[in-house]
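The values are calculated or read from the model by the stated rules, or taken from the named source; none is laboratory data. Note that the coordinates shown come from a computational prediction; the quantities given were computed from them, not determined experimentally. Virtual Cβ from ideal backbone geometry, glycine too; neighbours counted across all protein chains shown.
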Amino acid sequence: MKVLQRIEVILAIALLVAFFLPWAKIFFFTGSGYDIGVQLGGQAKFVWSIPAAAVGIVALAFYGANTRVASIVAGLLPALIAVRVYSKLGGDLFEVLAIGSYVSLITGILLILFGVGVVKSPSTVKVEENI
């Protein structure tokens, strides 16, 4: 099977793209995941685990390995970061979030669902032929 036909790879690429979209808007600062990881430092460096996990999924798929566990881990990362930020900001979190964080969260949920097997990938579903 071609690598780009796997839904986990497509979602991993979407997660990687979302890392460079605006994640937060605070006053006049609009920062992407990249900006947050570079400029804030400290615990904010944990955001670099998201693109690393996305690249890991693509690499595993390229070598034909199982991407199930990597998909679950990569899917949990945006949620863990959101929970951590929510514990700091509280209800103000949703006033701060921008499109990149929402795309990351949705993509993360989809990666978890495909990794656990709740939703089957179109490439793994067997089609019965009527003869």
### Query
Any residue at all in the stretch 34-51 that is surrounded by 17 or more Cβ atoms within 10 Å (Cβ to Cβ), of a type outside the set (Ser, Thr, Tyr), at pLDDT 85 or above and assigned to a helix (DSSP H, G or I)?
yes
### Task
Residue by residue through the stretch 52-79, note down the ones that are among the hydroxyl-bearing types (Ser, Thr, Tyr) and part of a helix (DSSP H, G or I).
Ser71
### Query
Considering only the stretch 81-106, how many residues are hydrophobic (A, V, I, L, M, F, W, C) and without any contact (Cβ under 8 Å) to a residue 12 or more places away in the chain?
6
### Query
What is the number of the single condition among (1) surrounded by fewer than 19 Cβ atoms within 10 Å (Cβ to Cβ); (2) hydroxyl-bearing (Ser, Thr, Tyr); (3) part of a helix (DSSP H, G or I) that Thr30 does not meet?
(3)
